[in-house]
Each structure stands twice: as C-alpha cells, then as structure tokens.
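Notes follow once the structure below has been shown.
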Amino acid sequence: MDRSFLDWPFFEARHRDFAARLEDWCAANLPVDHADVDAACRDLVARLGAAGWLRVTAGTSSEALDVRTLCIARETLARHDGLADFAFAMQGLGTGAISLFGSRDQREWLTRTCAGKAIAAFALSEPKAGSDVAAIETTARRDGDGYILSGEKTWISNGGIADFYCVFARTGEALGAKGISAFLMPADTPGLAIAERLEVIAPHPLARLAFNDARLPASALIGAAGNGFRIAMAVLDVFRPTVGAAALGFARRALDETLKRASQRNLFGAPMGELQLVQGHIADMALDVDAAALLVYRAAWAKDSGAPRITREAAMAKLYATDRAQAVIDNAVQIHGGDGVRRGHIVESLYREIRALRIYEGASDVQRVIIARQLLRDARTPDAP
Ligand SMILES: Cc1cc2nc3c(=O)[nH]c(=O)nc-3n(C[C@H](O)[C@H](O)[C@H](O)COP(=O)(O)OP(=O)(O)OC[C@H]3O[C@@H](n4cnc5c(N)ncnc54)[C@H](O)[C@@H]3O)c2cc1C
C-alpha cells in the first residue's frame with residue numbers, strides 16, 4: 001500500500017500517527033460480516049466508539065472538526081470495509097449540524113455518538129427534492145411552545161436504526177431556501193414512522209421516513225429558525241471532501257488488488273503485469289488515485305486552515321475522486337477477468353460500493369454546476385486592491 005501521500009505538506013505528525021494507529025485497528029478488526037447490515041452497523045458503531053475513533057466525528061466548542069483527520073479515517077476504513085466507513089461517516093454527517101450550530105443541551109448527544117452509544121442520521125432528501133434541496137416540502141408549523149412536523153424524507157441512511165435524526169423542514173420565514181429550519185428529532189418521537197426500508201446495490205441501513213404530525217419542543221430547533229439551508233450547506237461543506245476520501249479508499253484498494261493480481265497471475269507464459277496494455281491501465285489507475293488524493297486533501301487542508309467556505313475545492317474533490325474511483329474499480333474488475341464479477345470477490349464488492357457515492361451529497365453533475373457557478377461568480381467580482 002502506497003502511504004507516501006502522508007508525507008505531503010497537507011499533514012502534520014498527528015495525522016500520520018492517527019493513520020498508522022487506525023490502519024493497525026482496521027487490520028485486526030475488519031472486514032465484518034455484512035449478512036445482517038443493521039446488526040453489523042450497530043456493532044461497528046459500538047466498536048468504533050469503544051476504540052475511540054468516533055471522537056473525531058464531532059467538534060467541540062473549542063475544537064473544530066478536523067477535515068484531514070475525517071478524510072484519513074474514511075479513506076482507511078473504506079479500503080478495509082465499506083460498511084465500516086459508512087458507520088463512521090454517518091456519525092459525523094448526522095451530528096454535523098449539532099457540532100457546528102447545536103445548543104448546549106443538544107450537544108449532550110455528541111458524548112453518546114462519539115462513544116458509539118447512539119446512532120445519528122441526516123434527513124434532508126425527499127421524494128420530490130433530492131438535488132433541488134430548496135424544494136423540500138416537509139413542514140414544521142409552530143404550535144404553542146413547539147413545532148409539528150408533517151411530510152416525508154427518503155434515502156435516509158441509518159433510517160430504522162438511528163437513535164435520532166437531524167431533520168430539515170420548511171418553517172416558512174421566506175420562500176425557498178430561506179424558509180427552512182433544522183431540528184433534532186429523537187427516534188422515539190410520536191408521529192415519526194419508518195415508512196419503508198430501502199434496498200440498494202451495496203446494502204446499508206436506509207429508509208423512507210414519514211412525519212405524521214410529529215411534535216417537537218422549541219428546544220429541538222438547531223441554530224436559528226430559517227437558517228436550515230445554510231446549516232445543511234455548512235455541514236455538506238465539511239463532509240463533501242470526505243465522500244471523496246471514501247472513494248479514494250475504494251480506488252486505492254482496487255489498485256492494490258490489481259497490482260497483486262498482475263504480479264501473481266501468469267498469462268501467455270509470464271506475469272500479466274508484463275503485458276504493456278496492462279501496464280497502461282495500471283499507470284492510469286495510479287494517476288487517478290494520486291490526482292484524487294491531491295484534490296481531497298487540498299480541500300481538507302483548506303478547510304482546516306480556516307477558509308470560511310470551500311465550496312469549489314469540496315465540489316472538485318468529490319466530483320473527481322468519485323468519478324475516477326469508478327473508472328479505477330472498473331479497470332480492476334476487467335484485469336481480474338471472471339473473478340472480477342464473482343459475487344463475494346473484493347473487486348466485485350468495490351464495484352457495487354462506489355456507485356452511490358456519485359449520487360449522494362450532490363450528484364456529479366450538480367458538483368459541475370457548483371464549480372462552474374463559483375468560477376463565474378469569481379470572474380464577475382473585481383479583485384480587491
Ligand atoms: C445510497 C444513498 C444514501 C443516501 N443517504 C442520504 C442521507 O443519509 N440523507 C439524505 O438526506 N439523503 C440521502 N441520499 C439522497 C441523495 O442525496 C439524493 O439521492 C441525491 O441528492 C439525488 O437526488 P435524487 O435521487 O432525488 O435525484 P434527482 O435530484 O432527481 O437527480 C437525478 C440526476 O439528475 C441530474 N441532475 C440533478 N441536478 C442537476 C443539475 N442541476 N444539472 C444537471 N444535472 C442534474 C444528476 O445526474 C442526478 O444524478 C442518499 C442517496 C443514496 C442513493
């Protein structure tokens with residue numbers, strides 16, 4: 001495994017130490033059996049929490065989330081086990097709004113999520129509002145000293161096993177994006193139902209949620225009323241590069257497996273790695289891995305260095321790393337021949353694992369739009385003297 005990237009100037013000694021310790025833990029504990037994904041996820045959250053790895057998924061009032069550490073964690077976990085990366089990532093995404101904007105009482109949940117004793121979920125998407133987040137229709141109407149939520153969310157990761165959901169709903173301060181608020185909804189809130197469990201090509205807990213007049217106290221509001229869209233975008237700003245990091249982990253594993261295969265399998269009387277066309281594919285894969293790593297860790301470093309927003313960097317990292325990981329893994333499947341599509345083979349599972357990353361947290365074409373709009377806006381804004 002190539003770890004030379006850890007010597008890049010983006011990192012400090014604490015990052016290299018974290019990477020080495022997590023690598024040892026992963027080698028001893030992963031992969032886990034995925035036969036029952038709910039049970040596997042609960043177990044992974046508990047074990048990741050007990051070992052202390054989830055501490056980095058929440059920020060404290062004095063210490064911000066370190067995006068480089070989150071990226072190293074996701075890259076390392078994804079390389080060993082996609083479900084372990086999922087369990088880790090959702091603890092961060094599900095609590096991101098609380099880390100960044102939560103009240104003192106809401107922050108009490110962080111102690112439990114970091115210990116692996118509570119499972120978090122992020123509930124933004126709806127059947128009619130995925131890419132177009134500002135079109136969400138779930139409402140939260142004021143009722144005395146609380147709110148009543150009605151509507152539906154879908155594609156909610158950890159739906160069905162989460163202990164609480166960070167829910168975005170329309171509170172109507174203004175039309176569109178400025179009339180949305182964020183709420184902390186415990187899973188046992190009356191009126192919250194798991195309407196449907198959803199199955200996808202790389203199974204993990206996923207559900208459609210229904211809110212049938214689910215009542216929340218005013219203290220469930222995260223940040224200010226009407227700020228929900230801004231909160232969601234701030235959370236995605238932190239976690240978007242980490243999706244790229246997970247893709248990078250899958251791609252690195254695919255490259256490692258390919259190098260092993262090309263060295264060990266003989267074709268036409270010699271190791272297949274001696275065929276120049278195979279070498280060409282390997283070179284392309286390595287190039288994609290390094291370029292993705294540069295974009296992912298550039299975005300993470302920029303955020304950790306105090307950039308208030310990293311919209312362009314995060315979008316570039318997510319877009320490039322996920323799209324190119326798909327190509328790297330496809331090459332790995334090809335080089336493995338029939339074994340590459342055999343159920344249970346590592347490259348077959350990578351092929352399934354990578355696909356959804358190009359859709360969630362902003363599909364690839366949405367990232368293209370974000371990058372272009374940011375560049376056009378910058379081009380219209382005269383440079384400061
Ligand atoms: C496995 C998985 C896990 C998920 N987990 C969560 C979760 O935990 N919480 C949550 O809130 N959501 C989650 N999602 C939802 C995810 O964020 C949405 O699926 C995603 O935003 C796309 O929305 P959509 O499915 O409604 O597709 P649509 O919005 O209908 O988009 C379909 C396609 O249209 C194209 N497109 C969209 N907009 C543009 C544009 N502006 N320009 C050009 N092309 C465009 C893109 O190719 C896109 O893929 C998850 C989804 C999946 C698949």
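In order along the stretch 337-345, phi translates into HN-Hα couplings of x, x, 4, x, 10, 7, 3, x, 6 Hz, rounded to whole numbers, per the Karplus curve 6.51 cos²θ - 1.76 cosθ + 1.60 with θ = phi - 60° and x for Gly and Pro. Across all directions, the average projected area of the convex hull around the alpha carbons of the stretch 50-125 is 5.2 nm².
Each of Thr242, Met272, Ser349 was placed along the dipole of the chain (beta-carbon charges, centred on the mean Cα), and the one lying farthest toward the positive end is Thr242. All C-alpha pair distances within the stretch 226-324, sorted into 5 Å bins from zero, spread as 2, 14, 19, 16, 13, 10, 8, 6, 5, 3, 2, 1, 0, 0 percent across the bins. The equivalent ellipsoid of the stretch 251-297 has semi-axes of 24, 11, 5 Å, largest first, where each one is the square root of 5 times an eigenvalue of the Cα gyration tensor. Where does helix 67-80 land angle-wise versus the long Cα axis of the chain, in degrees 0 to 90, nearest 10? Roughly 50 degrees, rounded to the nearest 10. The alpha carbon radius of gyration of the stretch 128-184, expressed as a multiple of 2.2 N^0.38 Å, is 1.16.
What's the ranking of 340-350, 174-184 by average number of surrounding C-beta atoms within 10 Å, highest first?
Working: 340-350: 16.5, 174-184: 19.0.
Highest to lowest by the protection proxy: 174-184, 340-350.
Distance from the Cα centroid of the stretch 199-274 to that of the stretch 1-47 is 15 Å (rounded to whole angstrom).
Here the Karplus curve 6.51 cos²θ - 1.76 cosθ + 1.60, taken at θ = phi - 60°, turns the phi angles of the stretch 125-131 into couplings of 5, 10, x, 9, 8, x, 5 Hz, with x standing for Gly and Pro. In a reduced charge model with +1 at each Lys and Arg Cβ and -1 at each Asp and Glu Cβ, the chain shows a dipole moment near 500 debye about its Cα centre.
Counting each DSSP H run of 4 or more residues in the chain as -39500 (n - 2.57), what helix-only mean residue ellipticity at 222 nm follows after dividing by all residues, to the nearest 500 deg cm²/dmol? Please list the in-between numbers first.
Working: 10 runs with 195 residues, N = 385.
After summing the helix terms and dividing by the residues of the chain, the value is -17500 deg cm²/dmol.
Give the distance, in whole Å, between the Cα centre of the stretch 79-142 and the Cα centre of the stretch 315-359. Centre-to-centre distance over Cα atoms comes out at 26 Å.
Dipole orientation for the chain: of the candidates Leu221, Thr111, Asn331, Leu221 has the Cα lying most toward the positive pole (charges on Cβ; Lys, Arg +1; Asp, Glu -1).
Rounded to whole Å, the principal axis extents of the Cα atoms in the chain read 79, 59, 39, largest first.
Explain nothing, just the number: dipole magnitude of the stretch 56-214 about its Cα centre with +1 on each Lys and Arg Cβ and -1 on each Asp and Glu Cβ, in debye rounded to the nearest 20. Walk me through the numbers on the way to the answer.
Details: 15 positive and 19 negative charges, 37 e Å.
So the dipole magnitude of the stretch 56-214 works out to roughly 180 debye.
Angle of helix 311-335 to the longest C-alpha principal axis of the chain, folded into 0 to 90 degrees and rounded to 10: 40°.
Just so you know, all these numbers are worked out from the coordinates, no wet-lab data involved. Fair warning: this is a prediction, and the values are worked out from it, not measured in the lab. Methodologically, a virtual Cβ is constructed for each residue, glycine included, from the backbone with ideal geometry; neighbour enumeration extends over all protein chains shown.
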